[in-house]
Amino acid sequence: MPDIGQMFREARERKKVSCSQAASATRMKVQHVEALERNDFSRMAAPMYAKGFIRLYADYLGLDPEPLIREYAAQQAPGKSPSLKPEERTFSGPSLADLVRRHARQLWARVRPRLQAWRRPLLIAAVIVAAGVIGLALLRGRGRPAPAPAAPVEPPAAAPATPGLPLPLLREPPDAYLDGSKPLSERTPASGSAR
């Protein structure tokens with residue numbers, strides 16, 4: 001029975017496409033397509049990626065991916081026993097931190113040119129706004145006269161108390177205002193009050 005890589009190579013040649021055409025159609029790297037056809041799965045970051053690439057490439061070539069994935073799993077499983085302790089398991093692919101760093105670098109490479117294109121217009125706009133704010137502050141300060149020094153405020157002088165004289169008394173309101181029994185029209189002001 002031919003191995004996975006040989007089946008991929010034969011199917012690709014029947015389809016009459018090159019490795020680079022297959023890679024661009026599947027959006028895989030050419031190196032991954034060539035590695036799949038060489039049956040070299042060590043170039044894949046993890047077994048999950050290898051299964052995904054096998055499924056993607058098999059769908060593109062018109063092959064059934066399930067038997068190929070089972071054969072891949074059988075190739076990877078014989079040397080491994082399920083009773084291995086976690087510290088005895090080895091992982092030859094890149095770590096998660098390496099994958100995150102690689103992804104961050106790729107993202108920064110895409111974003112950086114866009115930021116650089118906007119850097120100069122944003123800097124010019126910031127300088128114009130700052131100059132406008134400073135100019136307005138200077139104009140507002142120039143138009144106002146300097147405040148005059150405030151004169152000290154003295155409290156009003158109290159009437160000097162004359163010794164021996166009694167303080168003035170407030171007059172009592174007239175009885176007509178206090179008497180609530182009469183209607184207003186009948187009330188007459190007291191004789192002492194005049195308008």
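Miscellaneous remarks
- Applying the criterion of being of a type in the set (F, W, Y) and within 21 Å of C19 (Cβ to Cβ) to the residues of the stretch 32-91, the residue that is modelled with the lowest pLDDT is F41.
- In the stretch 28-73, the residue that is surrounded by the fewest Cβ atoms within 10 Å (Cβ to Cβ) out of those that are among the aromatic types (F, W, Y) and under 12 Å from A11 (Cβ atoms) is Y60.
- Among the conditions (1) at pLDDT 80 or above; (2) exposed (fewer than 10 other Cβ atoms within 10 Å of the Cβ), the only one that G141 does not satisfy is (1).
The values are calculated or read from the model by the stated rules, or taken from the named source; none is laboratory data. Keep in mind that this is a model prediction, so the values were computed, not measured. Heads up, the Cβs are rebuilt from the backbone with ideal geometry, glycines too, and the neighbour counts pull from every protein chain shown.
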